[in-house]
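Where a number appears in this text, it was derived from the coordinates with a stated rule and is not lab data. Given the structure is predicted, the values throughout are model-derived calculations rather than measurements. Here the Cβ positions follow ideal geometry from the backbone for every residue, glycine too, while neighbour counts run over all protein chains shown.
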Amino acid sequence: MLSVLARPAAAALRRSFSTSAQNHAKVAVLGASGGIGQPLSLLLKNSPLVSRLTLYDIAHTPGVAADLSHIETRAHVKGYLGPEQLPDCLKGCDVVVIPAGVPRKPGMTRDDLFNTNATIVATLAAACAQHCPEAMICIIANPVRAATLVSSRQTAATGSRACVSEPTCDRLSWDCLDQEADQPVPGPVSFSSDPESAVQDHQPLHSRRVGLSGLDPARVNVPVIGGHAGKTIIPLISQTSLSRATRGSGAKENHSPGATAFSLMGSDIDGSATLSMAYAGARFVFSIVDALNGKEGVIECSFVKSQETDCAYFSTPLLLGRNGLEKNLGIGKVSSFEERMIADALPELKASIKKGEEFVKNMK
C-alpha cells in the first residue's frame, strides 16, 4: 500500500539537517538570485548532505553566495555570473536545480511564460548535458510541465544520460530518458511531481488539509498525481489515513495553493508562491541524495514519461534508488471522484505536452 511505503512528508528534510547524514553531494542552483532560488539555496546551504553548492544567475549571484557563506555549515558555496561562467558552475555536479526563468506576473497565464522560459531552460539543460552529463536535473521554471519535456528532450538529443524531473510543491517532476529509446533508464538523473514536488502542490495540501483533521502534517503522506497547475493537480486523499469527513471537505480547496498564496499577498506584489516551492525543491533534492546514498524506500511524486494514462507524461509516486528512478509505482486504487479528476486533467496535460514537443521540434 502506497501510504505504508511512503515516508512522512518532512522526513527527508529532517534527515538533511542531521549531523549523522552523509555530506558529499555537489549541487548547483541555476537561477539562484530569484524569488525561489534564494530561499532554495538557503535550505541547501543548511544541509550537511551538501558539500559543495554552486549558484548561477545572470545577476547578483556573487552577492548571494557571499551572504550564504556567513552561515556556519560545511557546504562550500560559490557564485557564478553569466553564460561564460556556467560551465565551471556545473562541473562535477550530482544534482542541478533550475528555478531560472521569468516569474509569472499578475494576469499572466502559464502559456504567456512559455516561449521565454522554455528557451532559458533549453539552454541550461543543454549546458548540463555537456558539463555534468550524469547529473540529476530538477526543473522548477514555469510552465513546469512543458519545461520538463523541453529539458528531457534537450538532454536526450545531446546523448546525455541526465535525468530531468520537476519539483512540485507544487510537486517535483522526474524524467530520465535514454537518448535512443526515449525510455526511462537507470543512472543518476533528476527532477518533478510538480518541486509535485518535490513536492508539489503537495506541501500546502499536507499542512492545510491535515491541519483540519488535527493530525500532524509530517505524519501523513498525500500522493499528488497528474501535473503542475490548476485541475491537473490531483491529491489522492483516498490513499491516506484521513477520515471520510476530512477527505470530503475541501477536495478542491487546495488545488492551486500557489495562486492562493499569491492572491493573499496582494495584487500589487509581482510574482507567485516562492517559499513553499523552494521547500519543495529542497525536499526533492534531499530525497534524491538519500536514494543515491543507498537509502531504501525513498518515494516521491514526479512528472515522468509514463504509460499510466494515455498522456505521454504523468506524475505518479516513484521509487528512487542509487541509479535514479527504480520503479514507477503507478496511480494505485482511487475513488470515483478522483477518477473523474484524472479524466478532467488529461486534456490540459496533453495540450501542455504538445506545446513542449512543438517547441523542441521547431528549436534551431
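Amide H contacts under 5 Å for Gly321: Glu326, restricted to partners 5 or more places along the chain or on a different chain, H placed in the peptide plane at 1.01 Å from N.
Separation between the Ala351 and Arg74 pseudo-spin-labels, each 7 Å from Cα along Cα→Cβ, expressed in nm? So the label points at Ala351 and Arg74 sit 4.9 nm apart. Taking θ as phi - 60° and the Karplus parameters 6.51, -1.76 and 1.60, the scalar couplings of the stretch 356-361 work out to x, 5, 5, 4, 4, 4 Hz in sequence order, x denoting glycine and proline.
Straight Cα distances below 28 angstrom link Lys355 to the lysines Lys105, Lys231, Lys252, Lys305, Lys327, Lys364, with same-chain residues fewer than 8 positions distant left out.
When the alpha carbon gyration tensor of the stretch 60-103 is reduced to an equivalent ellipsoid, the three semi-axes, largest first, read 18, 14, 12 Å.
The alpha-carbon of Lys26 sits under 19 angstrom from the alpha-carbons of these lysines, leaving out residues fewer than 8 places away in its chain: Lys45, Lys78, Lys91, Lys295. Prolate is the label for the stretch 25-122. Its Cα gyration tensor axes, ordered a ≥ b ≥ c, give a/c of at least 1.5 and a/b above b/c.
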